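A.B. asks: Sending over a structure as structure tokens; questions will come in a sec.
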Amino acid sequence: MSASLLAADLPYWAQALLRVLGGVVAVLLPAGTIVYVFLFKMMSFMQSRLGPMEAGPYGSLQLFAEVGKWLQKEDITPERADRFIFKIAPLVVLASTFLLVAVVPFGPDAWFTDFEAGVFYMLAVSSVSVLGILIAGWASANKYSLLGGLRAAGQLIAYELPMVLAVIGVIIQAGTMNLQNIVFAQNAGSMFGWDGLGNPFILTQFVGFIIFMIAVQAELTQTPFDMPIAESELVSGYMTEYSGFRFLTFFIAEFATAGVFSLIASVLFLGGWGIPFAWFGWDTMDDVDGWMNVVGPLIMVTKMMLLSFVIMWVRFSYPRFREDQLQRFAWKVLVPVSLVNIMITAILKVAF
Amino acid sequence: MLGADLLVAQNIGFSIIAVMMIVGALRVVTVNNVVHAALWLVVVLSGAAAQYLLLSAEFVAITQVLVYVGAVMVLFLFGTMLTRARIGAENDLNNKNWKIAIPVSLLMLGVMSWVVIDGFADERLIENPGEMTQVPVLQISDDIFGPYLLPFWALSFVLLIAVIGAIVLARKD
């Protein structure tokens with residue numbers, strides 16, 4: 001992650017190793033934080049209870065206890081399951097998360113890849129997880145699993161579209177698909193000549209932001225969009241037959257993806273790792289001081305926590321949609337609204 | 001020096017991916033389970049995306065993943081799982097016309113090789129691959145939406161008609 005911070009002349013293999021390690025940290029750390037802070041503690045407080053308190057001070061080691069518990073459970077494969085596909089399905093889902101984090105910039109030099117078409121890449125690889133969920137549901141040889149997998153696929157396809165359309169507004173405004181340049185456009189921009197806050201796109205693209213967050217909620221299959229794993233109807237959907245380490249993989253992938261999508265949403269709408277460049281008199285990307293490589297990731301983590309708080313808040317507050325309501329909401333509300341949003345953004349972009 | 005190393009690495013990468021794609025393509029037609037065949041097709045299509053990446057055509061590679069892996073294959077699997085997708089071997093997957101497919105695919109191979117050789121035989125790859133840069137997305141969009149705007153619109157209308165037709169067919173009332 002901070003390969004260029006240490007020295008520019010690190011050998012290729014060392015840079016690659018650092019990036020891989022950075023990627024693992026950037027996936028696992030948000031997942032752990034979100035699970036402990038939000039899933040264990042915040043959910044408990046919202047339900048007027050304390051949550052885990054025994055393991056470590058204030059239950060802070062509960063996470064390790066949970067992981068230890070899952071690791072020692074028996075790894076069961078159903079007798080009539082398609083063994084190989086059953087086993088690789090969780091890995092496909094997790095791989096999609098790792099691919100996603102590869103484009104997120106954490107600082108002026110702290111990035112994994114500086115992809116020219118970063119936004120496009122992010123939309124493409126996020127759809128790979130659908131494949132994993134579908135084959136997980138099918139290979140389990142269980143009706144509930146298959147139904148859950150099919151529901152998940154239908155839902156993810158339906159909500160991919162509003163997500164793409166919501167992001168297009170940002171792309172039009174920034175004039176680039178490179179996530180690093182989108183950060184720059186927001187922090188170096190100004191609102192009506194006043195540059196004290198830069199120009200975070202959440203202000204101009206608020207509709208897009210709302211649609212994006214709703215679509216993310218649906219992509220993550222969090223309540224109110226959790227029909228694929230609806231426990232009262234489908235046991236646990238596509239995860240029903242999974243146990244031990246493989247269930248843990250699904251679990252980590254779910255919350256890591258929540259973290260990564262929060263990171264991406266903060267890059268697209270909240271200004272990413274940057275602070276308004278006018279504060280320090282930076283004009284171009286090259287002016288940005290090296291210490292932003294250290295402060296940037298911290299800013300990103302703060303924004304990520306904020307957005308995942310919103311995701312979890314919604315998750316704990318709302319009841320579940322019905323399957324037909326879900327599809328109707330996507331096709332009849334989100335898609336038209338985002339199309340209008342694109343049109344207005346394009347007209348304003350040409351006008352100003 | 002670096003350029004030559006990159007060229008060797010690129011060739012090795014190309015060969016590995018090409019072998020994977022050929023094996024995958026053969027498995028698509030020989031495997032005796034619909035879902036397995038679809039998944040082998042995913043291997044082939046992602047291999048094509050990887051080949052595009054090796055040629056530093058990122059945009060095409062991403063499009064390949066988005067359209068084929070993310071949408072077409074998911075739809076394929078979705079359809080087969082909704083209708084018929086048993087676990088385990090199925091014996092009635094091959095019908096008796098499969099022999100006709102061999103000359104057809106050989107003919108396709110011949111025609112496409114001929115087109116590629118005829119069209120690009122004089123073209124040479126850049127001597128030093130280290131100098132290869134990503135083509136900016138802006139340039140791609142200018143190239144597509146400048147001279148080809150009208151064909152693009154026509155294509156959109158064809159797709160729109162297909163969508164409307166699908167809705168009309170799906171509605172029972």
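The values are calculated or read from the model by the stated rules, or taken from the named source; none is laboratory data. Bear in mind the structure is a predicted one, so any value in this text is a computation, not a measurement. When we count neighbours, we look across all protein chains shown, and the Cβ atoms used for this are built from the backbone with ideal geometry, even at glycine.
A.B. asks: Given the residues B:Leu77, B:Leu93, B:Leu107, which is the only one that is part of a loop (DSSP other than H, G, I, E, B) and surrounded by 10 or more Cβ atoms within 10 Å (Cβ to Cβ)? Break it down into steps so the answer makes sense when it comes.
C.D. replies: Details: B:Leu77 fails: part of a loop (DSSP other than H, G, I, E, B); B:Leu107 fails: part of a loop (DSSP other than H, G, I, E, B).
Within the list B:Leu77, B:Leu93, B:Leu107, the selection yields B:Leu93.
A.B. asks: Regarding the stretch A:68-85, can at least one residue be identified that is closer than 16 Å to A:Ala256 by Cβ and of a type outside the set (Asp, Glu)?
C.D. replies: Taking the stretch A:68-85 and keeping what is closer than 16 Å to A:Ala256 by Cβ, we get A:70.
Then drop every residue that is not of a type outside the set (Asp, Glu), which leaves A:70.
Checking the stretch A:68-85: at least one residue is closer than 16 Å to A:Ala256 by Cβ and of a type outside the set (Asp, Glu).
A.B. asks: Looking at B:Leu93, is it among the aliphatic types (A, V, I, L, M) and modelled with pLDDT under 75?
C.D. replies: Working: among the aliphatic types (A, V, I, L, M): yes; modelled with pLDDT under 75: yes.
For B:Leu93, the condition - among the aliphatic types (A, V, I, L, M) and modelled with pLDDT under 75 - is met.
A.B. asks: On the given criteria, is B:Ala61 in a helix (DSSP H, G or I) and under 20 Å from A:Ser96 (Cα atoms)? Break it down stepwise before answering.
C.D. replies: Details: in a helix (DSSP H, G or I): yes; under 20 Å from A:Ser96 (Cα atoms): yes.
Judged against the criteria, B:Ala61 is a match.
A.B. asks: From A:Tyr159, A:Tyr144, which residue is more than 11 Å from chain B (Cβ to nearest Cβ), closer than 24 Å to A:Val27 by Cβ and of a type in the set (Ser, Thr, Tyr)? Break it down stepwise before answering.
C.D. replies: Numbers: A:Tyr144 fails: closer than 24 Å to A:Val27 by Cβ.
When all the criteria are applied, what remains is A:Tyr159.
A.B. asks: Further, regarding this structure: Could you say whether any residue in the stretch B:114-135 is outside any loop (DSSP other than H, G, I, E, B), modelled with pLDDT under 85 and within 14 Å of another protein chain (Cβ to nearest Cβ)?
C.D. replies: Checking the stretch B:114-135: at least one residue is outside any loop (DSSP other than H, G, I, E, B), modelled with pLDDT under 85 and within 14 Å of another protein chain (Cβ to nearest Cβ).
A.B. asks: Let me ask something else about it. Could you check the stretch A:133-145 and list, in sequence order, the residues that are crowded, with 24+ Cβ neighbours inside 10 Å and either part of a helix (DSSP H, G or I) or at pLDDT 85 or above (or both)?
C.D. replies: Within the stretch A:133-145, the first condition is being crowded, with 24+ Cβ neighbours inside 10 Å, and the residues that meet it are A:133-140, A:145.
Correct list: A:Ile133, A:Leu134, A:Ile135, A:Ala136, A:Gly137, A:Trp138, A:Ala139, A:Ser145.
A.B. asks: I'm told A:Leu220 meets every condition in (1) farther than 21 Å from A:Ala278 by Cα; (2) within 14 Å of chain B (Cβ to nearest Cβ) except one. Can you identify the failing condition by its number?
C.D. replies: So A:Leu220 meets the others, but not (2).
A.B. asks: Quick check: anything in the stretch A:118-139 more than 12 Å from chain B (Cβ to nearest Cβ), within 29 Å of B:Ala57 (Cβ to Cβ) and in contact with a Ser or Thr (Cβ under 7 Å, 6 or more places away or on another chain)?
C.D. replies: Here is the first cut: in the stretch A:118-139, the ones more than 12 Å from chain B (Cβ to nearest Cβ) are none.
No, the conditions are met nowhere in the stretch A:118-139.
A.B. asks: Could I ask something else about it? Does the stretch A:220-232 include one or more residues that are within 19 Å of A:Val267 (Cβ to Cβ), touching a helix residue (DSSP H, G or I) at 6+ places or on another chain (Cβ under 9 Å) and without any contact (Cβ under 8 Å) to a residue 60 or more places away in the chain? Walk me through how you get there before you give the answer.
C.D. replies: Here is the first cut: in the stretch A:220-232, the ones within 19 Å of A:Val267 (Cβ to Cβ) are A:220.
Now narrow it down to the ones that are touching a helix residue (DSSP H, G or I) at 6+ places or on another chain (Cβ under 9 Å): A:220.
Imposing the further condition that a residue be without any contact (Cβ under 8 Å) to a residue 60 or more places away in the chain reduces the set to none.
No, there is no match, as no residue in the stretch A:220-232 is within 19 Å of A:Val267 (Cβ to Cβ), touching a helix residue (DSSP H, G or I) at 6+ places or on another chain (Cβ under 9 Å) and without any contact (Cβ under 8 Å) to a residue 60 or more places away in the chain.
A.B. asks: Name the residue, out of A:Phe106, A:Phe120, A:Phe115, that is touching a residue at least 24 places away in the same chain (Cβ under 8 Å) and part of a helix (DSSP H, G or I).
C.D. replies: One residue alone meets the criteria, A:Phe120.
A.B. asks: Any chance you could count how many residues in the stretch A:97-114 are surrounded by 22 or more Cβ atoms within 10 Å (Cβ to Cβ) and either in contact with a strand residue (DSSP E or B) (Cβ under 6 Å, 6 or more places away or on another chain) or within 11 Å of chain B (Cβ to nearest Cβ) (or both)? Walk me through how you get there before you give the answer.
C.D. replies: Our first condition is that a residue be surrounded by 22 or more Cβ atoms within 10 Å (Cβ to Cβ); within the stretch A:97-114, this holds for A:97, A:100-101, A:103-108, A:111.
With either in contact with a strand residue (DSSP E or B) (Cβ under 6 Å, 6 or more places away or on another chain) or within 11 Å of chain B (Cβ to nearest Cβ) (or both) added as a condition, the list becomes A:103.
The qualifying residues number 1.
A.B. asks: Anything in the stretch B:1-21 that is surrounded by 12 or more Cβ atoms within 10 Å (Cβ to Cβ) and at pLDDT 90 or above? List them, or say none.
C.D. replies: Answer for the stretch B:1-21, where residues must be surrounded by 12 or more Cβ atoms within 10 Å (Cβ to Cβ) and at pLDDT 90 or above: B:Ile16, B:Ile17, B:Ala18, B:Met20, B:Met21.
A.B. asks: Do any residues in the stretch B:49-64 that are of a type in the set (Phe, Trp, Tyr) have Cβ atoms under 8 Å from those of residues that are at pLDDT below 85 and surrounded by 19 or more Cβ atoms within 10 Å (Cβ to Cβ), where the two are at least six apart or on different chains, and which pairs are they?
C.D. replies: Hits for this filter: B:Tyr52/B:Glu58; B:Phe59/A:Glu116; B:Phe59/A:Ala117; B:Phe59/B:Val137.
A.B. asks: Just one of the numbered conditions (1) over 30 Å from A:Ala26 (Cβ atoms); (2) touching a helix residue (DSSP H, G or I) at 6+ places or on another chain (Cβ under 6 Å) is not true of A:Lys303; which one?
C.D. replies: (1)
A.B. asks: If you don't mind, another one. Would you mind listing the helices (runs of 4 or more DSSP H) fully within the stretch A:148-267 where at least 2 residues are crowded, with 24+ Cβ neighbours inside 10 Å?
C.D. replies: A:179-188, A:206-219
A.B. asks: In the stretch A:147-156, which residues are closer than 23 Å to A:Val101 by Cα and at the interface with chain B (Cβ under 7 Å from one of its Cβ atoms)?
C.D. replies: At the first step, the residues of the stretch A:147-156 found to be closer than 23 Å to A:Val101 by Cα are A:152-153, A:155-156.
Of everything in the stretch A:147-156, just one residue is closer than 23 Å to A:Val101 by Cα and at the interface with chain B (Cβ under 7 Å from one of its Cβ atoms), namely A:Ala153.
A.B. asks: Scan the stretch A:138-184 residue by residue and report those that are β-branched (Val, Ile, Thr) and touching a residue at least 24 places away in the same chain (Cβ under 8 Å).
C.D. replies: A:Ile157, A:Val164, A:Val167, A:Ile168, A:Val170, A:Ile171, A:Ile172, A:Ile182, A:Val183
Every residue, every condition in (1) more than 13 Å from chain A (Cβ to nearest Cβ); (2) of a type in the set (A, V, I, L, M); (3) more than 11 Å from the chain's Cα centre (by Cα); (4) within 26 Å of A:Ala152 (Cβ to Cβ), yes or no:
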residue	(1), (2), (3), (4)
B:Ser15	yes, no, yes, no
B:Gly24	yes, no, yes, yes
B:Asn32	no, no, yes, no
B:Thr83	no, no, yes, yes
